[in-house]
Structure formats: structure tokens, C-alpha cells
1. Helix-only estimate, please: 222 nm mean residue ellipticity of the chain, summing -39500 (n - 2.57) across DSSP H runs of length 4 or more and dividing by its residues, to the nearest 500.
2. I'd like the orientation of helix 226-245 relative to the chain: the angle between its Cα long axis and the longest Cα principal axis, in ° from 0 to 90, rounded to 10.
3. Between residue 155 and residue 324, what is the label-to-label distance in nm when each label sits 7 Å out along the Cα-to-Cβ direction?
4. For percent of Cα pairs over 29 Å apart, which listed value, (i) 43; (ii) 32; (iii) 38, comes from the coordinates shown?
5. Across bins of 10 angstrom width beginning at 0, how are the C-alpha pair distances of segment 179-334 distributed, in whole percent?
6. Which residues does the label zone of residue 209 cover in segment 302-324, counting backbone N under 19 Å from a point 7 Å along Cα→Cβ?
7. Taking every DSSP beta bridge that has both residues in segment 108-206, what percent is antiparallel when rounded to the nearest 5?
8. How far apart, in nm, are two points set 7 Å out from the Cα along the Cα-to-Cβ line at residue 117 and at residue 296?
């Protein structure tokens, strides 16, 4: 009887271990923003739990380059950041792979106070004092944007700034800054006087035809824990659809899980709505589903980065991303 009891206990322990949730960490590119909502929605609604995943931390970051290094080095299993910066990171041998292009076109643009400067075309930037963060995704964008429009960094004045660099614009210490129209604009407008207080020139309207931010992991995770990657992407994409359907609900969940953002709930809603309106969808997502990526779009992204010098050497674009897990997540919907 005693032996039978011990055997039953052992079997229970083995069964529990077999079904223990996989613990993972998520590394964000910066402070919490609207396009990070998917992680919090998936955690709150139990989508990760359903897939046998325990997201132990959603860590705020200090920029896309650092987020790439954290995931590439194994300090986090999944990350979120600027995909052109991911291409640059791969050219520097950081082994990260894109899983979904959340922003189908870059939400990066040039921002100025409309009371001081009107940005209607790239040449309007000539001679202006631009606040730049040399190690961030915005710097990668600025160099590429100028190059695409037949300009160089010599055409502008530069002031090195540190996050949150938007304050330099509000205080009048710089004339313009590169920034995310889905993230910085709602927050800046709230401080600068509301809609119309900013002059905005979106990069994608002037030749900066690249992906924006997205979900990524490491080559090691794909090689060693492909099933976990699939389950994570499946939960994430379910949450992505929910965020699109109800930005207000998504913002409520973000605030519930990050109470210090209570005063920014309206900003979070506006950030998500800006993405729904301008960056989440494309011809590719219409044909294949949200988050979709193609070799041609990645080739276009890397071509721009190579031409303006952010990438010193070409990369294998087919190794920089995979749609395998998006296909797997979509298959489960049918």
C-alpha cells in the first residue's frame, strides 16, 4: 500500500513537471506604449496561460539596439523593437529573427512645433537644429530618411539628446526631433497644446519605405524551442486582434497591469488608434493576415539601410525573418 502511494506521488510529480508552464521574459524597446499592448492583453486574458506559457516579466527598455542585444544574448526570450534596427543588428552578428511586423510601415517621422516650423517637405529640415540620440532607432531613421531624399547629416545641425528627448523640443532647445507618430505624437500633443500643435512629416510619405516595429526572438530559441515560439506567437496574435478590435479595452488592461500609467490612458488609446489608422495594415496583411512579412519588403528595408550607411554589410534577408509561426497561428483560426 505504501509502495503504491509512493508510486502515485511520483507519477503526479512527473505529470506536473511535464505540464509546467514555460517561463519566458519579454524585452520592450522603451517605456510602455500603445503598440506594446498585445503582451499585456495576452497575459491578462490568459492567452499565454492557455498556451502553457508563464510570462514572468515584460521589461521596459532603453532603445531597440539594446533590446536586440538582450534577446540575442539570451537575457530575454522575446522582444519588441524597430525592425530596420533588427536588420542593422544582424549585420553586426546579433542573432535575432523577426516573427511579426506589427507596424507594416514605419511610424517614424520628423516632428516640430507648428508655431515655429512647418515641415511640408524634407528640404524644410535644412539648417534646423535636430535632436538626435546616436545609438537609437530614431538615428537609424534620420540618416536613412535624409539619404533617401538626397540629403546628408551635413545639411542639418545636430544636438545630442538623451531620452526622453521629446522634452528638448517642448523646451525649444532643438527645432525638430525624429519620433514615432504612433507613440510620441499623442503624448507630445497633449503637452504642446493639442491636435495641430505639431508639424509632422511621416517618413513613409517621403521614400522611407520600410517596416516599423515588430516581435522578434533569437536564432537559438527557434532552433531549440520552436514549439514554444509557435505557442507564444499564437497567443500574441490572438491578443493583437483584440487590440485592433478595442483600443480602449487594451488601454484599460495596460493601465491595470501598469497602474503608474493611469494618467496616460487617453494617450495609450490614441497611440493604438494611430496605428490602426496608419501602420497596422497593408496589402500584405489584407492577403495574409496581420503581422505578415515578405522577402521583398525586407530587401527594400535593407537596401535603404545599406545605401545610407547604417548597415556596413549586406545580410541574408531570408534569415532575418520567418513567417512560419504566423502561418501556424493563422491555421488555428480556421
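Each reported figure results from applying straightforward, stated rules to the coordinates on display, with no laboratory input. Everything numeric in this text was worked out from a predicted model, so none of it was measured. Counting neighbours? That spans all protein chains shown, and the Cβs are built from the backbone with ideal geometry, glycine included.
1. On the way: 16 runs with 158 residues, N = 334.
Only helices count here, giving -14000 deg cm²/dmol.
2. Compared with the principal axis, the helix lies near 60 degrees.
3. 4.2 nm
4. Computed from these coordinates, percent of Cα pairs over 29 Å apart corresponds to label (iii).
5. 9, 30, 34, 23, 4, 0
6. Only 302-309, 317-318 fall inside the zone, counting backbone N under 19 Å.
7. So the antiparallel bridges amount to about 65 percent of the total.
8. Roughly 3.5 nm, to one decimal.
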